[in-house]
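The values are calculated or read from the model by the stated rules, or taken from the named source; none is laboratory data. Note that the coordinates shown come from a computational prediction; the quantities given were computed from them, not determined experimentally. Note: ideal-geometry Cβ built from the backbone for every residue, glycine included; neighbour counts use all protein chains shown.
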Amino acid sequence: MRRAVSLILLLALAVAVSGQPLSSKKIDRLTTRVIKEFNVPGVAVAVVKDGKVIHMKGYGVRSIASGQKTDEHTLFAIASNTKAFTAATLGILVDEGRLRWDTKVTEIIPEFRLYNSYVTEDFFIKDLLTHRSGMGEGAGDLMGWPDSAMFTADEIIHNLRYLKQASSFRTRYDYDNLLYIVAGEVVKRVSGQSWEEFAESRIMKPLGMNESAASFRRIKDLTNIIDAHVMVDGRLKVVPKQEAKRHNSVGGIYSNVSDMSKWVILQLNSGRHGSSAGEKIFSVEAHREMWTPQTVKTVSTSGSYRSNFAFYGLGWNLTDVNGYLQVYHTGSHAGIETRVTMLPELSLGIIVFTNQQVPEAHEAITNSIIDGYLGIRGNDHIMKLREKVERAQAMARKITDEIWATVEEKRKESSPGPGTGSFAGTYSDAWFGDIIISAEDGRLRIRAEKSPRMRGRMFHYTANTFIVKWDDRSMDADAFAVFTLDREGKPVSFTMEAISPLTDFSYDFQDLCLVRREK
């Protein structure tokens, strides 16, 4: 009798832990509501449970221009979800004995240099993947962002030496992208294949990810692909897709939820796949290292779940949600947001891709599905996250509206600014190169020599400060330009800073120090 009671209690506990997962119809309703509330044209969702895909579907449209429907085969840029693939490519090379996680980067790339020599000398392969280099958040990203920047991988590797340390080596988490470019170069030099060729031949092809590609240019069929969408002046607008022409190991992969479900199953099987998980992409040991905490992060106190820790592994974020390990990553390109989430103890994986740059949309869907499995009731993630978005947007509008009101007052004055023409000239930064300011009809124009999309008008704000208003309004990255004058009042240098708190951190204007070049 006691054994029977114990069995009943165990069964009851199992039901309580598993909760009541959302049915496909409930996921349909959830996603349809997200599309409406967050103004997202198209979404694709897949749910993996116990090694099987139990939900996979596209919603809405690929593009507001074409009106074509999104489905499970629609391609999205997965953006920084690519980073886990890059970690896996290095893991494969470690398995083969061609690398160690603690191999020094200079052994593979002798010209690799960071700002401090002692950091360079002790910089391991593993350090390329962990966001603990000491460089600031997004440092140097303007060499690859926005997408039209014309820096080669060799130039970026060379220019790393000019990016000053923001913290001590291996002491603080600051998200970076450039070191994943270096990781891709390591794969190339060790394997003899480009990172793109290696990722496709050693990961995607064996998994049957036949519709995916390691870069935009390698996509075989473009008939079912999203357009990217951004809100511009209160209206949704199609913007060019980022192609990541040279830097694909950072965020260049294009895939769909059908193919990515195979990647998630591989992860939940610790690198094994195929019938009875009998084939291996990477070893259990390599997989364990990727999911091992490497860098301490700040635990969020405003999230939807009780969390006790937060770390970054190798290409993955690691945290706990109500006592369960959560392994996840997000990805962001202009007009695209993606998320891959796993709860390994529940053998659960959730993939959400969207073609609008509102990360709260994929977060609302993911958390609502997680709630079902954890038995949590009563959370309206859509409402909470929409209110969060509205608060952030209202705060940003207040800041930018006040600034533009000041600019407008200046424009009403008879003079456009203090000796406007004297600010014209070529200004150079050690890692970003030249920015050219020209005087046209008494007004200033600015353009970056190696980033064609970074061009626009300059408006006098206060004293020696101007506002840069980019011609491409989808960038949402207007900036202050603060000039330093010499004793004669001649501009000799300037620094920049984003105006809106919502500007993407990859517009790392604050890392620029632009010094006037004499003719």
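I'm trying to understand the selection: among the residues of the range 143-163, which are under 25 Å from TYR118 (Cα atoms), charged (D, E, K, R) and either free of Cβ contacts under 8 Å to residues at least 12 places away in the same chain or touching a strand residue (DSSP E or B) at 6+ places or on another chain (Cβ under 8 Å) (or both)? Spell out how you get there, then give the answer.
Of the range 143-163, the ones under 25 Å from TYR118 (Cα atoms) are 143, 153-163.
Narrowing further to those that are charged (D, E, K, R): 154-155, 161.
Of everything in the range 143-163, just one residue is under 25 Å from TYR118 (Cα atoms), charged (D, E, K, R) and either free of Cβ contacts under 8 Å to residues at least 12 places away in the same chain or touching a strand residue (DSSP E or B) at 6+ places or on another chain (Cβ under 8 Å) (or both), namely ASP154.
Return the only residue of ARG202, ARG189 being surrounded by 13 or more Cβ atoms within 10 Å (Cβ to Cβ), assigned by TED's automatic domain parsing to the domain that holds PHE76, of a type in the set (D, E, K, R) and over 30 Å from ASP504 (Cα atoms). Walk me through how you get there before you give the answer.
On the way: ARG189 fails: surrounded by 13 or more Cβ atoms within 10 Å (Cβ to Cβ).
Being surrounded by 13 or more Cβ atoms within 10 Å (Cβ to Cβ), assigned by TED's automatic domain parsing to the domain that holds PHE76, of a type in the set (D, E, K, R) and over 30 Å from ASP504 (Cα atoms) holds for just one of ARG202, ARG189, which is ARG202.
Please find, within the range 139-182, the residue that is surrounded by the most Cβ atoms within 10 Å (Cβ to Cβ) out of those that are of a type in the set (D, E, K, R) and outside any helix (DSSP H, G or I). Even if it seems obvious, please write down each step before you answer.
First, pick out the residues of the range 139-182 that are of a type in the set (D, E, K, R): 141, 147, 154-155, 161, 164, 170, 172, 174, 176.
Next, from what is left, pick out any that are outside any helix (DSSP H, G or I): 147, 164, 170, 172, 174, 176.
On the way: ASP147: 17, LYS164: 13, ARG170: 16, ARG172: 18, ASP174: 17, ASP176: 26.
The qualifying residue surrounded by the most Cβ atoms within 10 Å (Cβ to Cβ) is ASP176.
Of ALA481, ALA477, which residue is outside the structural domain of GLY335 (by TED's automatic domain parsing), surrounded by 19 or more Cβ atoms within 10 Å (Cβ to Cβ) and closer than 22 Å to ASN177 by Cβ? Walk me through how you get there before you give the answer.
On the way: ALA481 fails: closer than 22 Å to ASN177 by Cβ.
Result of the check over ALA481, ALA477: ALA477.
Taking the range 183-193 as the region of interest, how many residues are free of Cβ contacts under 8 Å to residues at least 12 places away in the same chain and either of a type in the set (A, V, I, L, M) or part of a loop (DSSP other than H, G, I, E, B) (or both)?
Here is the first cut: in the range 183-193, the ones free of Cβ contacts under 8 Å to residues at least 12 places away in the same chain are 188, 192-193.
Still in the list and also either of a type in the set (A, V, I, L, M) or part of a loop (DSSP other than H, G, I, E, B) (or both): 192-193.
Going through the range 183-193 one residue at a time, the tally reaches 2.
Inside the range 55-92, can you point out the residues that are in contact with a Pro (Cβ under 8 Å, 6 or more places away or on another chain) and not in a loop (DSSP other than H, G, I, E, B)?
Result: GLY60, VAL61.
Residues are listed down the side, and each one gets a yes or a no for (1) in the same structural domain as SER332 (by TED's automatic domain parsing); (2) touching a helix residue (DSSP H, G or I) at 6+ places or on another chain (Cβ under 8 Å); (3) more than 25 Å from GLY323 (Cα to Cα); (4) surrounded by fewer than 16 Cβ atoms within 10 Å (Cβ to Cβ):
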| position | (1), (2), (3), (4) |
| --- | --- |
| GLY375 | yes, yes, no, yes |
| LEU385 | no, yes, no, no |
| THR400 | no, no, yes, no |
| ALA405 | no, no, yes, yes |
| GLU408 | no, no, yes, yes |
| LYS412 | no, no, yes, yes |
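Exactly one condition in (1) small (Gly, Ala, Ser); (2) within 24 Å of ASN159 (Cα to Cα); (3) part of a strand (DSSP E or B) is not met by SER506; state its number.
Against the list (1) small (Gly, Ala, Ser); (2) within 24 Å of ASN159 (Cα to Cα); (3) part of a strand (DSSP E or B), SER506 comes up short only on (3).
Taking the criterion of being touching a Pro at 6+ places or on another chain (Cβ under 6 Å), among the aromatic types (Phe, Trp, Tyr) and crowded, with 19+ Cβ neighbours inside 10 Å, would at least one residue in the range 485-501 satisfy it?
The answer is no, given that none of the residues of the range 485-501 is touching a Pro at 6+ places or on another chain (Cβ under 6 Å), among the aromatic types (Phe, Trp, Tyr) and crowded, with 19+ Cβ neighbours inside 10 Å.
So, in the range 205-216, how many residues would count as being more than 21 Å from the chain's Cα centre (by Cα) and without any contact (Cβ under 8 Å) to a residue 60 or more places away in the chain?
Taking the range 205-216 and keeping what is more than 21 Å from the chain's Cα centre (by Cα), we get 205-211.
Checking the rest, the ones that are also without any contact (Cβ under 8 Å) to a residue 60 or more places away in the chain come to 205, 208-210.
Matching residues across the range 205-216 total 4.
Somewhere in the range 454-463, is a residue surrounded by fewer than 19 Cβ atoms within 10 Å (Cβ to Cβ) and farther than 20 Å from ASP233 by Cβ?
Step one: of the range 454-463, the residues surrounded by fewer than 19 Cβ atoms within 10 Å (Cβ to Cβ) are 455, 457, 462-463.
With farther than 20 Å from ASP233 by Cβ added as a condition, the list becomes 462-463.
Scanning the range 454-463, I find at least one residue that is surrounded by fewer than 19 Cβ atoms within 10 Å (Cβ to Cβ) and farther than 20 Å from ASP233 by Cβ, so the answer is yes.
From the set of residues in the range 333-373 that are out of contact with any His (no Cβ under 7 Å at 6 or more places or on another chain) and small (Gly, Ala, Ser), which is surrounded by the most Cβ atoms within 10 Å (Cβ to Cβ)?
Filtering first and then ranking leaves ALA361.
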